[in-house]
Every structure is written in structure tokens, then in C-alpha cells.
1. Where Rh denotes the Kirkwood radius from the mean inverse Cα pair distance, what is Rg over Rh for the range 428-514?
2. Please report, in Å, the Rg and the Dmax of the range 622-682, where both are computed over Cα atoms only.
3. For the chain, what is the mean residue ellipticity at 222 nm derived from helices alone (per DSSP H run of n ≥ 4: -39500 (n - 2.57); sum divided by total residues; nearest 500 deg cm²/dmol)?
4. Figure the gain on full extension for Ser392 and Phe715 (residue separation times 0.36 nm, minus the Cα-Cα span) and round it to one decimal in nm.
5. Just for the Cα atoms in the chain, what are the lengths along the principal axes, largest first, rounded to whole Å?
6. Please report the spacing between the Cα centers of the range 662-713 and the range 137-169 in Å, no decimals.
7. Hey, any idea what % of the chain's accessible area is carbon plus sulfur with a 1.4 Å probe?
8. Report P(r) for the range 114-168: all Cα-Cα distances, bin width 5 Å, range 0 to the bin holding the largest distance, values in whole percent.
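The values are calculated or read from the model by the stated rules, or taken from the named source; none is laboratory data. These numbers come from a predicted model, not from an experiment. We place every Cβ from the backbone using ideal geometry, glycine too, and count neighbours over all the protein chains shown. The accessibility values were calculated without ligands, DNA or RNA, using every heavy atom of the protein model including side chains. Shrake-Rupley method; radii C 1.70, N 1.55, O 1.52, S 1.80 Å.
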Amino acid sequence: MNRNLIKILAIFALVTGLASCSVYKYVPEGHYLLSKVDVTSDDKTVSDLSKYRNLSYQMPNLRWFGMFRFPLRLYSFTGTRAGEAPVIYDPLLSEATCVDMKRSLMNAGYLNADVSYTTKNRRKPKTKLSFNLQPGKMFIVDTIRITVQDGELERIINENSGQTLLVRGMNLDASVLNDERNRIVGLARKYGYYRFNRDYISFVADTVKGSDKVGLNMIVAAESVDDDGTVHPHRRYTIASVDYYLSDKNGNTPGSDMPARIDTCESFRLIYPGKDSRPALRPRIIDIHSFLRQGMEYDSDSISQTYMSLSRLGILKYSNVSFEDVPGQDNRLKANVLMVSLPKHSFSFEVEGTNTAGDLGAAASMSFTDRNLFRGSEQLTVKLRGAYESISNLPGYSGDTYIEYGLETNLDFPEFLAPFMSQELQRRSQATSRFSLKINAQRRPEFQKTIFSTGWSYMWGDAWQKSHQLDVVDLNYLVVPWISDHFRSEYLNQITSARSILKYNYEDLLITKLGYTFYYSSSRINAVDPFRFSVRVGVETSGNMLSLLSEPLGFEKNDNNQYKVFGVAFAQYAKHDFSFTANWRLDRTNNLVAHLEWGVAVPYGNSTSLPFEKRYFSGGANSVRGWSVRELGPGTYHGDDKVIDYIKQSGDIKLGASVEYRSKLFWKVNGAAFVDAGNIWTIRDYVEQPGGVFGFDTFYKQIAVSYGLGLRFDFGVLVLRLDGGMKAYNPSGTTFYKRLPLVHPSMNRDFAFHLAVGYPF
């Protein structure tokens, strides 16, 4: 019997068995399977009913993609050995849920709220549970009074009253009151009140019978009040001394069992193991990354900034800041900062498989990291990479392999390396400076190419949600030392157009990039937001300074009328990229994610075409997944020549959009259903890319569409992704069915499989 037929029959038998197995098999007699939980409200002003639904102590069995109870059916099919046990309805848990929902409504300002529930039993042993919210009147804050029993603290609160969350007309919402309490606590601790906490703040709400108006009084108590009425105000603390305890490379910190050495600096002491002749970190680096100073007033913001800054030191595993009272000195604290080091050196090794348009290969890389090169947490990373790929269908060439090898080095400094910068400016900038050097060599049957790159960039962030990167210098020198006679005679010598992307990308070239990238994420630490998004915006240019100097300095020109620097033409272009990702949390197991991206790059001046390394491509694991990598576009262009399609299937404009429904399946396995759309285009009409040029009246007809399913194995530090995509609309199709494969799909023609690490967006 045909093997494929056997596989199909086996899958059919499994699916049939699961479908036929009753989900009520393990529901006890007289009990009901909980099939659904709904929440309704008599008042349309109650927002976000899903928040109240999440308070339910019982939730129905997991449904894949919100529809299929596969884990429950698997449990019934295997006889309790796998899957998910049925959720049996329990009325006591429904009563407890009503209590919690009522409490939540009252906290939101509905003081007279009530909650009831009903069940709807079917002929089968299952029930639908419905909670009904009867919120009643919303109570509104009509008057606000603030009573502060500490005069100095009252002055501070009044000076910052513009930041208050309490305003007339607001709902009597406990979450807002709680946020205001946290704001006052943070404000007090910012101004030296080390021992001030939430217990000193209370709220009193005065209501009048029959009215929905509330008089709100926030009371900020003094530290203590004697029986005779004497008020003892809260104490403000100063930091008497700062001690940094630095571990050795094995994580051992100086203490009672280990002798210590002490270096006394201007504003702190550095204490490290006595067996070390010198500390692992230079005191200057610690000073730059510390916001704690001897003699300063206690400030919670300085502590947070110190934590954040020290976390940027790659040599540190973690840090901890603690305080203790100074004996015999009132209102004075001793700050102790523990810094535990990581091993100085580490090695890593990676192996990956590749599949480029059906050609299989493998790649391996080995990395070495020194986390503390000059005792300033400078991180040196050296990475060696090699790749091999078999190449098929290359008539006229003696070789049939593609070999790539490269060396990449990065040296990161945890400070803003620039002249005339004081340590205070270094401290405030919270920047990382990076120097990079890369060499990449490609050996193909048609040609050989080597890329030399070096760069200097700065990375910094206002907070953990924001990041900036400025590429001050990024030089790339592309050298093509050898081109086969067959490739030159068959392709390059046949081209007479000065705008040929083929000829341009097989000539030596210098790229001088200047760029800036901004990233923002709305996600908060340890927060489960119902909606979150991220934005990335980038701009870069190349060759503008050289272009301005070309004529005054008398640079020579080549045969293509391009100015040359040291005998090599330089690229000139401008490029802009944008991406936006939004994530909606539908419930505890399902998410809807949308992604939009575009990019535009314009060659001008000294360039008639973009360098291949700066051009866009479409298709692949992170693009329109019905196509393999670099197989889509530009426009309606349809490639036939495998030798040079990877050059010709590239463009100057990119547009892409995706919608992905992600659902938890079982264990660490998640599923996804997706729809992708997009394409690339060229700005100019190149002879090698017929149908590739962008037009406002045609581009929307050339947007390719695909759909598919995927699996994600989420192991925390690593996400392994398997995606299978099918073409739905192919703008390069030459017949109706090829253009609209959704109507008549072909696995051989329209399916693409992707194996990748990480989520696509």
C-alpha cells in the first residue's frame, strides 16, 4: 500500500476517534460539564466585562483557537492518560464568584451593586453559567479634602498637587484611590521619608442617603501622636555612607568567612575579596553607574536609577541595595550595595539548518565572550560563523556549492564614550557605546564576494520601554574579487543599461551609513495588559558627505559616471523603515496579534540602484509565509533563472501586514493561524525586473496574500517555530488558477514550510 495513503488513513482514524469519543464520558452521574461562562450587565456603563469574567473560579475546558475542545476529547479518548479532565460545574464556586464580582463593582464606585447567576442545563449533561451584574448607581466624588498632619509633608504634597489623580466629578473608584496612595508614598520617599508607607494614608467617603454624591477626605497621618496631642512628624533621612560589596568571579562576596580589601573613593567605599589584588570593576565605572552619594538625602528615584544602571553592566549577575540605621545617629542611613559577578568568560555554539528555495544546507557558529575586558564591564564578543549549502540546477558552472564564512567582533562600553563628557553627564546618559568589526566572505560557483564592515554606535534608553540607537559611523566595503567567465559572458556582458541592478551589485562598492532607530513598547514590567503595542522607526542615509566633497576635492569618476574614493565608487541613498505590532489578549489562552510594516529606500546622486545588502525582499518565515525566502516580487515579476533571482527578487519599497491568532494547545506548545499580505517594488523601471516598478494605481492589485497554520514550542528562553503557509493570491500568476490558488491550491506549487527561532513579530 502507498505510504502516503497509509499516513492519510492513520490521521483520518485518529481524528475520527477523537471526534466520536464523548466528552461526557468522565462526567459523574448527576453532575454537569461546564460548557460556557458568560457575564452580562443591566447597565451599559459597566466597561470591560472580560475583567469580571476572569474573576470566575471556574472556566470551561480549553478550546483550541476558541473552538475545538481537543484536550478534553484526548482525555476521554486515552482514558485519563493525556489531555485535560472535564471541568465539573460547582455551585459553591459560583456563589464565591458572585461575592468577588460584587466586591469588584463596589471598588469601581457602584456601592449598591449586586450580582446573581443562573445556569442553563441542556439535554446533555452540560450547563452554561451566566453571571448578571446589577451595578446600581455610580457614586461620584463631589468634594475633596486633604488632611495632612505633618506640616513639611503637607508642603511637599501641595507643591506637587498638579499630579494628583483626585478630581471633582471622578467615579469613586478604589483603584484610583490606590494609585493616589502609591503616588503620595513615592513622593514622600523621593523627598527623604525612608520609613513612610501606605499605612499612613487613609480615605474617608461621606455619603448622603438618597444621593450619589460623595465627599472624599484623604488623611495623611503623622508618624505618631502622643496622648496629649503632640504631633511627631515623619523623619527625613540622609545617607551617611555608601559601601559597595563586589563578589569575585565565583560569586563569593567579602564577609566574615572571607577577608576583604577596601578601596576608599570620594563618595563611597568599594569592598572586595582580599585574595584579589584589585577589584574586578574599576571604581570609576561603579561611580558612573551609581546614583547614591554620601551625604545626599534619601531618594527612592536614585535607588531605582542605580538598579537600572547597574543592570546594564554585563559582568554583574544581579545587584541589591539595602539600608541600615547608623548606630547613635538619628535620621542617618548606611547604604549597602551588593554586586554579584558572572564568570568573566563564556563560550557558545549554535547549529542551524537552512533551506533556500529548496537548496538544503547547514550553518554553525561559535562565540566567545569576555564580559569584563578592561575591568569596566566592557563586553567583547567574537563570533565565527560558517555555512554550507548545496546548489542545484546551475548549468555551465563547475561548482555546485555555496560556502560562507565570517568573523564578527563587537566591543561594548557601558558608557557614552565621547570627549569632554563629565562623569555626571555619563551617569545621566545611561548609554552604551559599541565598536564593531566584521568580515564576511561568500564563495559561489558564479562569483566570490567579501564584505568588510566597521562601525561606531551609541545605544541608550529613557526607560526600559524606550530605546534609541545612533549609528555614527558604519562603513561597509564590498569587494567582488572573482566572477566566473560563464556568469560574466551570459549575464553581465549582455547588459548595456546604466541602471542595471545586476552590474551594480557585482562591482566593488563603499557604503558610509549614518542612521538612527527608535523603539517603543507599551508593555510594563510584570503586567498582563489586555492590549499592548510596540513601534519601531528607523532612518539612514549614505554617501551625502562624500558627495558634497567629491567636486571640491576633485574625486575621479568611473565609466558609470560615479565618483570614486580610493578607486571605489560609493553608494548614496536614503532609507526609512517603520513597523507596528499590536497584541490583544482575548482570554487566558488566546491572543490576537496584528503587524504592519513598510520601508522605502531611494537611491540618488552617486547611485542609480540600491546596494543589494540594503534592498528589501519578501517571502520567508518573517514575511508573507506562502512564499519561501526571497521568492516574492517585486510587483508582478516572476523569476525563472535560479542563478540570479536572489538578486532580481529584491526591491526599493516594502509593504507587509499580518494577522495571527495565537492559542495555547498543551504543555509548552502553542498554535497559530495566520493571514499574511505584502510585496516589494522598485522605484525605477529596471530592465531585469519587468513588472516590478511601484505605481499608485497598480500596487494594491499586486499585494500577495497567504494563509496558514503553525506550531510554537515555547521553552522560555527559546521559541522554536514551525509554520506552513499556502498562497491565496499570487500577483505574478500567469493563469487564473496560478493567480488565485485559493480556488485551486496545489501543495507542490503553493505551499511553503518554515522552521525558525522566535516569533515572526
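1. Numbers: Rg = 18.7 Å, Rh = 15.7 Å.
We get a ratio of 1.19 for the range 428-514.
2. In order Rg, Dmax, the Cα atoms of the range 622-682 give 15.1, 45 Å.
3. Numbers: 15 runs with 128 residues, N = 761.
Counting only the DSSP helices, I get -4500 deg cm²/dmol.
4. Details: separation 323, 0.36 × 323 = 116.28 nm, distance 3.59 nm.
Going from the current span to full extension adds 112.7 nm.
5. 104, 81, 56
6. Answer, in whole Å: 53.
7. Working: 21890 of 39120 Å².
It is 56 percent, rounded to a whole number.
8. Percent of Cα pairs in each bin: 4, 13, 13, 11, 8, 7, 7, 8, 8, 7, 6, 5, 3, 1.
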